[in-house]
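Rule-based calculations on the coordinates, nothing more; no lab input. Note that this is a predicted model, so its numbers are computed, not measured. With ideal geometry, Cβ positions are generated from the backbone for all residues, glycine too; neighbour counts draw on all protein chains shown.
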Amino acid sequence: MSRSVTVVGGGFGGLSAACYLADAGCDVTVVERNDQLGGRASVLERDGFRFDMGPSWYLMPDVFERFFGYFGREPEDYYGLTHLDPHYRVFFKDGEGARDPPSEAGSGTDADAATDGAGAMAGGRARAMAGNANAERVDVDGDIERTKALFESYEDGAGEAFERYLAKSEETYEVGMEHFVYTDRPNFRDYVDWDVVRNARGLGLLGTMQEHVADYFEHPRLQQLVQYTLVFLGGSPSNTPALYNLMSHVDFNLGVHYPEGGLASVVDALASLGDDLGVTYRTGTPVAAIRGERGDMRAELANGEILRSDAVVSDADYAHTEQELLDPDDRQYDADYWESRTYAPSAYLLYLGVEGDLDPLAHHTLVLPDAWDEHFDAIFDDPAWPDDPAYYLCAPSETDDAVAPDGHSALFALVPIAPGLDDGEAVRADYRDLLLDDVAEHTGLDLRERIVVEEDFCVSDFAERYNATEGSALGLAHTLRQTGPLRPDHRSSALDGLYFTGGFTRPGIGVPMCLISGEHAARAVCDDLA
């Protein structure tokens with residue numbers, strides 16, 4: 001096709017769409033307001049430390065293989081992958097209801113020794129304390145037998161239940177990806193055919209994750225182990241469809257990997273592929289308005305320049321595009337619509353350059369309270385800074401020496417919080433102290449006297465840097481009322497020639513989903529322009 005397309009926003013959705021469109025013969029220009037491509041997957045570099053500022057889990061490797069394979073490449077052409085072992089580590093804050101682990105797991109004071117030898121057959125579960133940690137530690141890897149033993153150590157019959165749960169998860173993944181993710185279904189009528197109905201049976205399109213998981217496990221910690229991935233979808237167990245049990249297949253069967261150089265190397269790979277295909281990139285180029293019609297679309301830049309093209313694909317925040325970049329007559333939704341949506345959490349992020357090592361953390365570490373319902377309530381029901389937070393610690397220097405100077409480590413902490421919260425300087429300072437105290441108490445890692453580099457990022461930063469509605473870190477949550485055809489469409493129904501990609505539309509939130517979203521948006525453009 002000899003057509004031109006402007007892509008507004010250089011996140012994963014925009015970079016993906018640009019590659020597909022360029023491969024189809026379009027003249028593609030990507031304009032990105034920030035100085036880096038990647039959207040939320042940007043990079044912070046300071047004093048020899050390097051941090052992924054946004055996504056840091058490389059999940060669903062099959063999606064990346066499929067994406068690069070479409071263009072006759074493979075991920076290894078651009079970056080190396082390390083399979084993480086363990087996939088992640090969990091510290092459960094002390095609470096009621098935990099049964100003592102098998103005696104083989106050990107009861108000494110060194111958590112590493114406690115998970116060696118026979119104790120490893122309990123899946124890495126140990127009551128042993130890591131330093132002065134006031135928590136129970138669990139390692140999860142790709143060994144299903146060890147994981148079954150871990151589940152059994154908490155609840156009689158849970159090992160067999162985990163095996164059944166994982167089989168269901170794999171089935172859901174295979175059917176869901178083929179029929180509901182790789183195949184875009186924008187309308188309810190797209191679901192009313194025998195092929196869809198036949199494959200949709202039992203996928204859990206209506207029930208919640210909490211209801212689904214409770215059918216298999218009673219112990220709250222086991223429920224947490226199969227639900228923690230909801231954080232990547234911006235939801236809670238009570239508002240996310242049971243369909244997303246497929247994430248356990250992603251976690252336990254497909255594995256967790258680390259791309260050499262972090263997620264930023266994946267951004268570089270997409271940009272390099274696009275460059276080979278003829279895509280033009282313009283960073284530091286904010287867009288002030290989008291106008292026109294198909295065949296004569298205009299992206300008006302903040303500097304007064306006008307980019308003309310046959311179509312525009314927006315990878316900017318969907319609500320921001322509609323409310324700030326379009327004339328009122330070109331908007332599909334009014335302000336009331338966007339105010340009524342359920343947004344995924346924002347986050348309090350703390351980036352730390354630290355002297356010495358980060359034992360006892362793994363590359364990915366989760367610290368979870370027994371009663372994490374209260375944390376979800378503080379995000380979705382009664383917005384407030386959580387008093388007893390569940391949080392994530394990423395220590396890439398455990399795998400990649402290049403992200404920190406010799407003798408130092410790189411770490412960032414992420415606490416999911418409600419979008420729209422006040423995050424003034426005093427609030428952040430208080431929460432920083434609460435978080436560091438909590439890390440010391442529950443992992444045994446006291447960072448407070450070893451920090452040499454420190455930056456934070458929060459609600460107002462997401463809003464300012466990414467034009468994120470309410471400062472959400474992810475976009476629209478995957479609630480029962482915001483899944484599939486209930487998410488905003490790739491095509492604008494009000495402005496012919498305008499298309500959307502990214503986490504607001506289908507298939508949804510997350511780097512792999514945004515790659516697929518770019519494919520769907522590009523196909524819509526090509527179908528219409530052809």
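Would you mind telling me the antiparallel percentage of the DSSP bridges in the chain, rounded to 5? Around 75 percent of the beta bridges assigned by DSSP in the chain are antiparallel ones. In this Cβ point-charge picture (+1 for Lys and Arg, -1 for Asp and Glu), the chain has a dipole of about 1440 debye about its Cα centre. If you line up the long axis of helix 12-23 against the longest principal axis of the chain, both from Cα atoms, how many degrees apart are they, to the nearest 10? So the inclination is approximately 50 degrees.
Okay, helix-only estimate at 222 nm for the chain: each DSSP H run of n ≥ 4 adds -39500 (n - 2.57), divide by all residues, round to 500 deg cm²/dmol; what do you get?
On the way: 14 runs with 152 residues, N = 530.
Roughly -8500 deg cm²/dmol at 222 nm, from the helical runs in the chain.
Placing unit charges on each Cβ (+1 for Lys and Arg, -1 for Asp and Glu) gives the chain a dipole about its Cα centre, and among 297, 82, 180 the Cα reaching farthest toward its positive end belongs to 297. Charge tally for residue 38 (other residues, Cβ to Cβ under 13 Å; Lys, Arg +1; Asp, Glu -1): -2. Restriction of the GluC sites (Glu not before Pro) in the stretch 250-359 to DSSP coil positions whose beta-carbon has at most 14 other beta-carbons within 10 angstrom yields 260, 305.
Expressed as a whole percent, how much of the Cα-Cα distance distribution for the chain exceeds 39 Å?
Values: 32660 of 140185 pairs.
Percentage above 39 Å: 23.
If you take the beta carbon distance between residue 430 and residue 46 as r and set R0 to 30 Å, what does 1/(1 + (r/R0)^6) give as a FRET efficiency, to the nearest 0.05? My answer for the efficiency is 0.80. Modelled spin labels at residue 373 and residue 448, positioned 7 Å past Cα toward Cβ, are 3.3 nm from each other.
Positive contributions from Lys and Arg (+1) and negative ones from Asp and Glu (-1), summed over other residues with Cβ under 12 Å from the Cβ of residue 398, come out at -4. In a reduced charge model with +1 at each Lys and Arg Cβ and -1 at each Asp and Glu Cβ, the stretch 426-530 shows a dipole moment near 600 debye about its Cα centre.
Ranking request for peptides 247-255, 50-58: highest mean number of other beta-carbon atoms within 10 Å first, then the rest in descending order.
Taking the mean over residues of other Cβ atoms within 10 Å, the ranking is 50-58, 247-255.
Exposure proxy shown here: for 183, 342, the number of other Cβ atoms within 10 Å sets the order, fewest to most, as 183, 342. Taking the fewest neighbouring Cβ atoms within 10 Å as the starting point, the ordered list for 500, 376 is 376, 500. Across the chain, the mean sequence separation of Cα contacts (distance under 8 Å, 6 or more residues apart), normalised by length, yields a relative contact order of 23 percent. Using bins 5 angstrom wide from zero, how does P(r) for the stretch 243-383 break down, in % of all Cα pairs? Values per bin, smallest distances first: 2, 6, 9, 12, 13, 14, 14, 13, 10, 5, 2, 0. Counting other Cβ atoms within 10 Å as a rough exposure proxy, the listed residues 379, 417 run 379, 417 from fewest neighbours to most.
Summing charges over all other residues whose Cβ lies under 12 Å from the Cβ of residue 512, with Lys and Arg as +1 and Asp and Glu as -1, gives -2.
Taking the centroid of alpha carbons for each part, the stretch 400-434 and the stretch 284-352 are 29 Å apart.
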